[in-house]
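Presented below is the structure to which this report refers.
The values are calculated or read from the model by the stated rules, or taken from the named source; none is laboratory data. Please read all numbers here as calculations on a predicted model, not as lab measurements. Counting neighbours? That spans all protein chains shown, and the Cβs are built from the backbone with ideal geometry, glycine included.
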């Protein structure tokens, strides 16, 4: 969701890449809730850090505690932990689909606000 919002809202200022410490596949609930707001992430793929393009990363945002704890070093890049809930983990014992989607929508909206205000995290006010 973060890559989708980044590309939608700030692609003219930054390059956004998304990767995890493990591949989990593209989550259909994430695709669904993003599409509700007109953001199509269905062409995104689940990637590991090793699959990112070889380029200098100025900023690396970890968005959940697992990634922060096991995030590799990115030479020259500043690592910023943002710490969002992990929707699959939060909803793993839930059975009501509307309740589950509510969690995904909450995270979608929190991530959108983060991307809108990303300059507050990196100190770039341009």
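Conditions tested, residue by residue: (1) loosely packed, with under 15 Cβ neighbours inside 10 Å; (2) touching a strand residue (DSSP E or B) at 6+ places or on another chain (Cβ under 7 Å); (3) in contact (Cβ under 8 Å) with a residue 24 or more places away in the chain; (4) under 21 Å from residue 25 (Cα atoms).
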{"residue": "88", "(1), (2), (3), (4)": "yes, no, yes, yes"}
{"residue": "96", "(1), (2), (3), (4)": "yes, no, no, no"}
{"residue": "101", "(1), (2), (3), (4)": "no, no, yes, yes"}
{"residue": "118", "(1), (2), (3), (4)": "no, no, yes, no"}
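For the stretch 1-14, a residue qualifies if it is surrounded by fewer than 16 Cβ atoms within 10 Å (Cβ to Cβ), touching a residue at least 40 places away in the same chain (Cβ under 8 Å) and either touching a strand residue (DSSP E or B) at 6+ places or on another chain (Cβ under 8 Å) or not in a helix (DSSP H, G or I) (or both), and exactly one does: 13. Restricting attention to the stretch 19-39, which residues are within 14 Å of residue 7 (Cβ to Cβ) and either surrounded by 12 or more Cβ atoms within 10 Å (Cβ to Cβ) or within 14 Å of the chain's Cα centre (by Cα) (or both)? Selection gives 34, 37, 39.
Okay, residues lined up against (1) part of a loop (DSSP other than H, G, I, E, B); (2) modelled with pLDDT of 85 or more; (3) farther than 17 Å from residue 15 by Cβ:
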site	(1), (2), (3)
34	no, yes, yes
44	yes, yes, no
55	yes, no, no
60	no, no, no
72	yes, no, yes
85	yes, yes, yes
88	no, yes, yes
